[in-house]
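Undergrad: Quick one: structure below, then a few questions.
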Amino acid sequence: MKALEILNFSGCSRLKKFPNIQGNMENLLELYSASTAVEELPSSIGHLTGIVLLDLKWCKNLKSLPTKMMENMDKLKELLLDGTQIEVLPSSIERLKGFILLNLRKYQNLEPREPATSSTAPCRWNCYNTTT
């Protein structure tokens, strides 16, 4: 699976446990896991060193992200967390230099905050609580 560039689990409503990732997968560019029943991500998600897009929207059971998840995800540009139960973003998100978009539409528990002013890239954070 070293050459795999796109992986799509979206709509797999019975997927509750995200599989562990063995070794670095620098060629995987896009991971779609929207509308699954995933409750947590393994810390091995950080092995996706080439990931550009991570789509976790509408994973209604997802409450947290691994603390050190983004330490090696230098190429991550888009993180889609719309409709999740995420309460805290990993602090490692602040070090992403090419990060462009963080979507948090229909968030329930996360307090919106602006990215650190030391960020070198323009980042658009979309935080809309439209559940009321």
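Undergrad: Can you give me the C-alpha center-to-center distance between segment 50-106 and segment 27-42, rounded to a whole angstrom?
TA: Segment 50-106 and segment 27-42 have Cα centres spaced 11 Å from each other.
Undergrad: Please give me the summed charge of the neighbours of residue 33: other residues whose Cβ is under 11 Å from its Cβ, Lys and Arg +1, Asp and Glu -1. Show your work: numbers first, answer last.
TA: Values: positive: 57; negative: 30, 55.
Result for the local shell: -1.
Undergrad: Separate question: From the phi of every residue in segment 47-52, what ³J(HN,Hα) in whole Hz does the Karplus formula 6.51 cos²θ - 1.76 cosθ + 1.60 yield, where θ is phi - 60° and glycine or proline is x?
TA: Result, ordered by residue: 6, 7, 6, x, 4, 10 Hz.
Undergrad: Going 7 Å from the Cα of residue 97 along its beta-carbon direction, which residues of segment 46-72 have the amide nitrogen within less than 16 Å of the resulting point?
TA: Within reach of a label on residue 97, which here means backbone N under 16 Å from a point 7 Å along Cα→Cβ, segment 46-72 contributes 50-51, 71-72.
Here, each number is a calculation from the coordinates, and none is a lab measurement. Note that the coordinates shown come from a computational prediction; the quantities given were computed from them, not determined experimentally. Reconstructed Cβ throughout: ideal geometry from the backbone, glycine too, with neighbour counts over all protein chains shown.
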